[in-house]
Amino acid sequence: MESLTEQIKEILLKSKKILLTIHINPDGDALGSMLGLYDALTRHFGLDVSMATNGLMPKTFLYLPYYFKIQDGFEPQNFDTVVLLDCGGWTRTGWFDSDELNIAWPNNLIVIDHHATLTLTPGLHYLGPATSSTSEMVYGLLKAWGVPVNKEIATCLLTGICFDTGSFQHVNTSEKTLRIAADLMQVGANLPMIAQKMYVGKSIGRLKLWGIVLQRMRYDETSGITMSAITQEDMEATGTTKEDAEGLVNLMNTVPGLKFSLLLSETPDGDVKGSLRTQSEQVDVGKLAQFMGGGGHARAAGFLLPVDIDTQDKAGWKIV
Ligand SMILES: [Mn+2]
């Protein structure tokens, strides 16, 4: 039997026009894995490739090569092959409401993901639940295909790995992850620059938003959970966007002995988005998020609920 990595390569090489796409409101790993793969497919294999994302493109990652080649929409009939990266199915991309499309498109679908989310999306699934990031998986694919990793690819993939491991601090950082990061630095990826872009440069508005949310945080000693909430009003008052809340739930998750953290964010439509994080080996927040109709992996996951947040409640704030 031919290996999965070879099958994927064969499909890509036979494709006339390829679309790469990632989860809605992309993060560093989604962007890094897509842009790194884009470089390899276009420059090394000479393939015809387009990229598309849905939702807000974080400005943090403006330094990534090919950032401006990413489009905010696409014409399905133009593509015979689609690669979904850093998400397990169609609904997470934000392009379609259902994981199973009721149309005969595309001819080939390849899913490359490190999340352990169950999905009904058909296609060839290349999954790595024990891998730090989709970027680390793309590195593995390029090695298997014999594609030389250049400086551009290295910058993209190290960004993704750095983002998903919290700069090599989270439990998903393996020996292999560090070896790969070393390889990427050897061919020119600039780790201090990537870390600087990702973690420094916080605006006054952003710091004030974090102040509001941290002040509002509750800690339940019996259950070992920290919880807080962000409203649209908070973001208006501080002149920030949801991008400025990136990383906040990770900070809430730094209390020693904590089971997990939950940050609820009010969306522009008035719904509530929940972000879950844990550092505990005993807790799988991915399962918790799936129970709430969402998804993710054991350490980081999320969900969306059609409910309201009431911050005027006498006890502090509550979900209504
Ligand atoms: Mn990821």
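The values are calculated or read from the model by the stated rules, or taken from the named source; none is laboratory data. Since the structure is predicted, the reported quantities are computational estimates derived from the model, not experimental observations. When we count neighbours, we look across all protein chains shown, and the Cβ atoms used for this are built from the backbone with ideal geometry, even at glycine. Note: areas computed on protein heavy atoms with side chains; ligands, DNA, RNA excluded. Shrake-Rupley method; radii C 1.70, N 1.55, O 1.52, S 1.80 Å.
In Å², and per residue, what accessible area does the range 4-198 have when probed at 1.4 Å with the other protein chains present? Walk me through the intermediate numbers first.
Values: 8270 Å² over 195 residues.
Per residue, the range 4-198 has 42 Å² of solvent-accessible surface.
Calculate the FRET efficiency for Asp271 and Leu118 from the Cβ-Cβ distance with a Förster distance of 30 Å, rounded to the nearest 0.05.
Values: r = 23 Å, r/R0 = 0.76.
The computed FRET efficiency comes out at 0.85.
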> In nm, to one decimal, how far is the modelled label at Asp308 from the one at Gln232, with both set 7 Å along Cα→Cβ?
Replying inline: 1.2
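Distances longer than 24 Å among the Cα atoms of the range 123-280: what percent of all pairs is that? Don't skip to the answer; put the middle values down first.
Values: 5837 of 12403 pairs.
The proportion of pairs with Cα distances above 24 Å equals 47 percent.
Which whole-number value in Å² is the accessible area per residue of the range 204-319, probe 1.4 Å? Please list the in-between numbers first.
Values: 6230 Å² over 116 residues.
With the other protein chains kept in place, the range 204-319 gives 54 Å² per residue.
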> Nearest-5 percent of antiparallel DSSP beta bridges in the chain?
Replying inline: 40
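Suppose R0 equals 25 Å; then what is the FRET efficiency for Phe68 and Val200 from their Cβ-Cβ distance, rounded to the nearest 0.05?
Taking R0 as 25 Å, the efficiency between Phe68 and Val200 is 0.60.
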> For the range 5-22, what does the Karplus curve 6.51 cos²θ - 1.76 cosθ + 1.60, with θ = phi - 60°, yield as ³J(HN,Hα) per residue in whole Hz, taken in order and with x for Gly and Pro?
Replying inline: 5, 5, 4, 5, 4, 4, 4, 4, 5, 7, 6, 7, 9, 10, 10, 9, 9, 9
>> Please report, in whole Å³, the volume per residue of the convex hull around the C-alpha atoms of the chain.
In response: 141
> What is the gain in length, in nm to one decimal, between Ser280 and Asp80 on full extension, counting 0.36 nm per residue of separation less the C-alpha to C-alpha distance?
Replying inline: 67.8 nm
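Once R0 is set to 30 Å, what does the formula 1/(1 + (r/R0)^6) return for the Cβ-Cβ distance between Asn102 and Trp145, expressed as a FRET efficiency to the nearest 0.05? Can you show the working numbers first?
Values: r = 33 Å, r/R0 = 1.11.
With R0 = 30 Å, the Cβ-Cβ based efficiency is 0.35.
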> Roughly what % of DSSP beta bridges within the range 204-319 run antiparallel, to the nearest 5?
Replying inline: 75
> Here are some pairs, Lys59/Lys208; Lys197/Lys273; Lys69/Lys202; Lys17/Lys69; Lys14/Lys143; Lys14/Lys176; which of them have Cα atoms lying more than 24 Å apart in this structure?
Replying inline: Lys197/Lys273; Lys69/Lys202; Lys14/Lys176
> Given the Cα atoms of the range 204-319, and with Rh set as the inverse mean 1/r over their pairs in the Kirkwood sense, what is Rg to Rh to two decimals?
Replying inline: 0.95
>> I'd like the Karplus ³J(HN,Hα) series for the range 135-150: coefficients 6.51, -1.76, 1.60, θ = phi - 60°, whole numbers in Hz, and an x wherever there's a Gly or Pro.
In response: 4, 5, 5, 5, 4, x, 4, 4, 5, 4, 8, x, 8, x, 8, 8
> So how far apart, in nm, are the two label points at Asn190 and Tyr219 if each is 7 Å from Cα heading toward Cβ?
Replying inline: 3.9
> Considering only protein heavy atoms and a 1.4 Å probe, what is the carbon-and-sulfur percentage of the accessible area of the chain?
Replying inline: 53
>> How large are Rg and Dmax for the range 31-162 when calculated on the C-alpha trace, in angstrom?
In response: 14.2, 41
> So for the pair Thr254, Glu2, with labels modelled 7 Å out along Cα→Cβ, what separation do we get in nm?
Replying inline: 4.9
> Which order do peptides 223-231, 173-181 fall in by mean Cβ count within 10 Å, highest first?
Replying inline: 223-231, 173-181
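What do you get for Rg/Rh over the range 140-210 if you use C-alpha atoms and the Kirkwood form of Rh?
Answer for the range 140-210: 1.07.
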> What dipole magnitude, in Debye to the nearest 20, does the chain give about its Cα centre under +1 on Lys/Arg Cβ and -1 on Asp/Glu Cβ?
Replying inline: 740
